[in-house]
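Notes for the one structure printed next.
The values are calculated or read from the model by the stated rules, or taken from the named source; none is laboratory data. A quick note: this is a predicted structure, and the numbers were derived from the prediction, not measured. As a convention, Cβ positions derive from the backbone with ideal geometry for all residues, glycine included, and neighbour counts pool all protein chains shown. All accessible areas refer to the heavy atoms of the entire protein, side chains included, with ligands and DNA or RNA removed. Shrake-Rupley method; radii C 1.70, N 1.55, O 1.52, S 1.80 Å.
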Amino acid sequence: MHSRVDLRSDTVTRPTAAMREAMMAAPLGDDVFGDDPTVNALQRRIADLTGKEAALFMPSGTQSNLCGILAHCGRGDEYIVGQQAHAYRYEGGGAAAFGGVQPQPLTQDERGCMKLADIASAIKPDDPHFARTRLLCLENTWGGQVMSDAYLRSATRLARERGLATHLDGARVFNAAVASAAPGQSAMARLREICDDFDSISVCFSKGLGAPMGSALCGSRDLIESARRLRKMAGGGLRQAGLMAACAIHALDHHIDRLAEDHDNAHRLAEGLEDIDGLTVRSAETNMVFVDVADGLGPALIGFLEANDVLATGMTGLRFVTHMQVDAAGVDRAIETVRRFFAEAP
Ligand SMILES: *Cc1c(COP(=O)(O)O)cnc(C)c1O
């Protein structure tokens, strides 16, 4: 009897036994009063890890990005963001709906980068015709890909020179840090380097790190104080949130370096899929593998996989995401199932 191999997302992980124990042992208080020692410890810890003055625990990454954007921008301001970026495309238009902040989405290349010239020309002059351009928002990893230091540095420098603040949607920035640490460099040291160029950064504990929920917004003390008010307005002021913060602390203690295993498994998957006729591996970095399937077979393949207890997402392009509850044997079963589909395909 095999178990299900769920490659839909790294959000599907369930807390480990050790994480549940950490949760049960956590000292608690009322975080709206600032009284939860476990939340406070997590906030201190993630602020230090990202090299920022302060941090705020949030229920979700969407709320972190929303409160981050609204802390940087007021009504009638705008933020520059990728056309395919999560903080534009996948967050329900929250910044516009709740904050009166206009997004200025720009085309990205296949690595998620907006052209510097496009960013420069999207920054509006101070003129009543225009929204006030206040913020540049980048995302790392993007589609599983680690953004180059050269790009991060030049894009954030451009923003700074033009008076814009910078925000990094770092939902999977721990994957980026682990994947791009220099030989002998710790993931933590690498993380600080990546975050250094940004005024604020949001991270997720509920993706590869394997906590049941939670995110943090990190930045200057002033920015985080504004974000605390915004989080309250958004309904994100939680009480004994230490239960969830304990899971995040446990994840920071035990689940960062192991992301390398997820990356190895994604490579194993990509290699196994590469020589199957009928599909093309489009990109395979960190913990994500994107595959193009010929002849509109995508939905049939998804269905076949599901019938064989292998879950993925997509239509013509399929996405497979590895995480702590997928092992090499699971990856091999996924490869074998895809191979069988194409062997039997009409
Ligand atoms: C998952 C994710 C978020 C936040 O999503 P939530 O589901 O709200 O936690 C933000 N940005 C990126 C790039 C993500 O992948």
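Restricting the first residue to the stretch 119-142 and requiring it to be touching a residue at least 40 places away in the same chain (Cβ under 8 Å), which pairs with a second residue that is away from the ligand (no atom under 16 Å from the Cβ) and open to solvent by 80 Å² or more (accessible area, probe 1.4 Å) meet a Cβ separation below 8 Å and a spacing of at least six or different chains?
What qualifies is Ala120/Arg162; Ile123/Arg162; Lys124/Phe130; Lys124/Arg132; Ala131/Gln102; Arg132/Asp126; Thr133/Arg162.
Keeping to the stretch 126-171, report how many residues are in a helix (DSSP H, G or I) and out of contact with any strand residue (DSSP E or B) (no Cβ under 6 Å at 6 or more places or on another chain). Walk me through how you get there before you give the answer.
Going through the stretch 126-171, the residues in a helix (DSSP H, G or I) turn out to be 149-161.
Then drop every residue that is not out of contact with any strand residue (DSSP E or B) (no Cβ under 6 Å at 6 or more places or on another chain), which leaves 149-155, 157-158, 160-161.
Residues in the stretch 126-171 being in a helix (DSSP H, G or I) and out of contact with any strand residue (DSSP E or B) (no Cβ under 6 Å at 6 or more places or on another chain): 11 in total.
Restricting attention to helices (runs of 4 or more DSSP H) lying wholly within the stretch 1-74, give those where 3 or more residues are outside the structural domain of Val310 (by TED's automatic domain parsing), of a type in the set (Gly, Ala, Ser) and buried (at least 17 other Cβ atoms within 10 Å of the Cβ).
Values: elements: 17-25, 37-50, 61-72.
Counting at least 3 such residues, we get 61-72.
When the residues of the stretch 78-95 are narrowed to those that are without any contact (Cβ under 8 Å) to a residue 40 or more places away in the chain, open to solvent by less than 50 Å² (accessible area, probe 1.4 Å) and assigned to a helix (DSSP H, G or I), which ends up nearest to the ligand (Cβ to nearest atom)?
Gly94
Give the residues of the stretch 180-194 that are part of a helix (DSSP H, G or I) and open to solvent by 50 Å² or more (accessible area, probe 1.4 Å), sorted by residue number.
Start the filter on the stretch 180-194 by keeping residues that are part of a helix (DSSP H, G or I), which leaves 180, 187-194.
Of everything in the stretch 180-194, those that are part of a helix (DSSP H, G or I) and open to solvent by 50 Å² or more (accessible area, probe 1.4 Å) turn out to be Met188, Arg192, Glu193.
In the stretch 266-282, what residues are open to solvent by 20 Å² or more (accessible area, probe 1.4 Å) and either over 20 Å from Asp295 (Cα atoms) or free of Cβ contacts under 8 Å to residues at least 24 places away in the same chain (or both)?
Scanning the stretch 266-282 gives His267, Arg268, Glu271, Glu274, Asp275, Thr280, Val281.
Check whether at least one residue in the stretch 105-114 is within 16 Å of the ligand (Cβ to nearest atom) and either of a type in the set (Phe, Trp, Tyr) or open to solvent by less than 10 Å² (accessible area, probe 1.4 Å) (or both), and report yes or no. Before the answer, list the steps.
Restricting attention to the stretch 105-114, the residues satisfying the condition of being within 16 Å of the ligand (Cβ to nearest atom) are 105, 108, 111-114.
Okay, now just the ones that are also either of a type in the set (Phe, Trp, Tyr) or open to solvent by less than 10 Å² (accessible area, probe 1.4 Å) (or both), so 112, 114.
Yes, some residue in the stretch 105-114 is within 16 Å of the ligand (Cβ to nearest atom) and either of a type in the set (Phe, Trp, Tyr) or open to solvent by less than 10 Å² (accessible area, probe 1.4 Å) (or both).
Which residue pairs have Cβ atoms under 8 Å apart, sit 6 or more places apart or on different chains, and have a first residue in the stretch 45-66 that is more than 8 Å from the ligand (Cβ to nearest atom) and modelled with pLDDT under 95 and a second that is open to solvent by 30 Å² or more (accessible area, probe 1.4 Å) and acidic (Asp, Glu)?
none
Look through the stretch 132-178, keep the residues that are within 22 Å of Ser283 (Cβ to Cβ) and charged (D, E, K, R), and return whichever of them is surrounded by the most Cβ atoms within 10 Å (Cβ to Cβ).
That would be Asp169.
So, in the stretch 125-150, exactly how many residues are of a type in the set (Phe, Trp, Tyr) and within 16 Å of the ligand (Cβ to nearest atom)?
So in the stretch 125-150, the residues of a type in the set (Phe, Trp, Tyr) come out as 130, 142.
With within 16 Å of the ligand (Cβ to nearest atom) added as a condition, the list becomes 142.
Result for the stretch 125-150: 1.
Given (1) in contact (Cβ under 8 Å) with a residue 24 or more places away in the chain; (2) within 16 Å of the ligand (Cβ to nearest atom); (3) surrounded by fewer than 24 Cβ atoms within 10 Å (Cβ to Cβ), where does Ala248 come up short, assuming only one miss?
Just one mismatch for Ala248, condition (3).
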